[in-house]
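Since the structure comes first, as C-alpha cells, the remarks are kept for the end.
Computed from the coordinates by the stated procedures, all read-outs in this text should not be read as laboratory data. Fair warning: this is a prediction, and the values are worked out from it, not measured in the lab. All Cβ positions, glycine included, derive from the backbone under ideal geometry; neighbour counts span all protein chains shown.
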Amino acid sequence: MFHSLCRAVPLLLRRGLKQTVVTRMSMEKPLILATALGTPGGMYQCFAPVIEKHFTIISSEEFSQNRERFADKIRAIFVWGGVLVPDRDLLQLLPNLEVVVNGGVGVDHLDIPLINSFGVKVSNTPNVVDNATADMGMALMLASARKLFYGQNYSLCHEEEDMPESSMGTDVSGATLGIIGMGRIGYKIAKRAQGFEMKILYHNRNRRKEEEERAVGARYCAEMVELLRESDFVMVVVNLSPQTHKLIGARELAMMKPTATLINVSRGLVVDQDALVDSLQRGVIRAAALDVTYPEPLPRGHPLLALPNVIALPHMGTHTLETTQLMIERMVTNALAALNGGQPPDEVKV
Ligand SMILES: O=C(O)[C@H](O)CO
C-alpha cells in the first residue's frame, strides 16, 4: 500500500500541489492543519492520500498565509515531533479545534493541560512505534560496538592506509545490556538482545512480572546504580518527564564502566549533553550512540559531532515507510473518533 502511495508522489508533484485549497475544501471533508503533508517534497507527503480519504489537509504554510479564511474551519491538528506544536496563541485562534493528534508515542513537546483547557483532546500513537524504535536501539548498539561508520568511512576515504588498532570494535554477543525504562519498547529491546545471548539487566519504576522477566532472561535492578556499574551497554528508553529530565548526568556517567557505551532512543533531554561530551572527551565511557539529542539535528560544529566515538542521528527511531504508514493510519483513526464525538482510542490524559 505505502509503495503505491510513494509512487504517487511524482504525480502529486507534477500537479505542482497547486491543487488549490479551494478545490480541496470543496470536498467537504473536515479541515485539518498538518505540516509536511501539503508541502511539495515534504517528508510525509506520500502519505497524504491516507489522510485525504477522510480530511482536507491545509498545510501550516497555507494557513499562515490566510489565517482568517481557515481559522474557524480547522477541526484537528496533526503534529509531528516538535513541529507545529499548538501554543496558546494558536489554540485561541481555532474556535472549532477538537483534537490534536500526535504522530509518535512521546508527547513531552505538548502542553496537554493547556490544550485540554480549550476543550481539545490529545492523542498519540503507542504500540505501532515499538518495533521500529526497538530495532533502532539494536542498530545503534551494533553500529557503535562494531564501528560500522568508521568502516564505511574507511572504505570511502582511506583505502591505502592500514586500519589502526583503534578501529577494533567490541563484542555485543555475550555482553551485558542495561535497559533503563522497561516499558513496551524496552521489553522489545530485551527480546531482541536475548537473541544476541546478552545478559540483560533493567531498571524501571515498576518491576515487571516474574514470568515476563524470565521470558527474556532479565534481572531487575531496583537501584539504577547497580545497572550502571555492571552494564557494557546502557540503553535509555524512558519517557521524558520532570522525573527523567537529565536522568543521566556526570554522576551517572562516572558510575559506568570506562568500556561501556551509552545508547539513547528516548529523548535527548534525558541525558545531560554537556556532561556526556565531557565524559566522552575524557574517556569516562567508551562511546555514545544517540538517536535523540537537543537540538535535533545537532548544529554543525557541535562537540558531539567532532568525537569519533559518537553516533548522533537526527531522531530516526520510527523513520521507516511501514511504521510511518501505521502511525498515520492511527492518527487518522484517533482524529475520526474525536470528530465523531467519541474518545480517541489513544487519547492521552494527564
Ligand atoms: O515518540 C515517538 O514515538 C518517536 O520518538 C517519534 O517521534
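Miscellaneous remarks
- Among the residues of segment 59-83, those identified as surrounded by fewer than 19 Cβ atoms within 10 Å (Cβ to Cβ) and aliphatic (A, V, I, L, M) are Ala71, Val83.
- Helices (runs of 4 or more DSSP H) within segment 64-164 that include 3 or more residues more than 16 Å from Ala34 (Cβ to Cβ), touching a residue at least 40 places away in the same chain (Cβ under 8 Å) and not aliphatic (A, V, I, L, M): 130-145
- Hey, Val277 in contact with a Pro (Cβ under 6 Å, 6 or more places away or on another chain) and away from the ligand (no atom under 16 Å from the Cβ) or not: yes
- When the test is whether a residue is in contact (Cβ under 8 Å) with a residue 12 or more places away in the chain, buried (at least 20 other Cβ atoms within 10 Å of the Cβ) and not hydroxyl-bearing (Ser, Thr, Tyr), His245 does not pass it.
- Only a single criterion out of (1) crowded, with 23+ Cβ neighbours inside 10 Å; (2) within 19 Å of Arg282 (Cβ to Cβ); (3) not basic (Lys, Arg) is not satisfied by Val236, namely (2).
- Residue in segment 113-123 that is in contact with a Leu (Cβ under 9 Å, 6 or more places away or on another chain), within 16 Å of the ligand (Cβ to nearest atom) and not hydroxyl-bearing (Ser, Thr, Tyr) present: yes
- Yes/no for Leu228 being without any contact (Cβ under 8 Å) to a residue 60 or more places away in the chain, touching a strand residue (DSSP E or B) at 6+ places or on another chain (Cβ under 9 Å), over 30 Å from Pro95 (Cα atoms) and not polar (S, T, N, Q): yes
- Checked against the criterion of being within 21 Å of the chain's Cα centre (by Cα) and on the phi > 0 side of the Ramachandran plot, segment 153-174 contains not a single residue that satisfies it.
- Selected residue [within 27 Å of Tyr154 (Cβ to Cβ) and of a type in the set (Ser, Thr, Tyr)] from Ser266, Ser279, Ser241: Ser279
- Identity of the residue in segment 84-110, surrounded by 16 or more Cβ atoms within 10 Å (Cβ to Cβ) and away from the ligand (no atom under 16 Å from the Cβ), that ends up nearest to Pro126 (Cα to Cα): Val99
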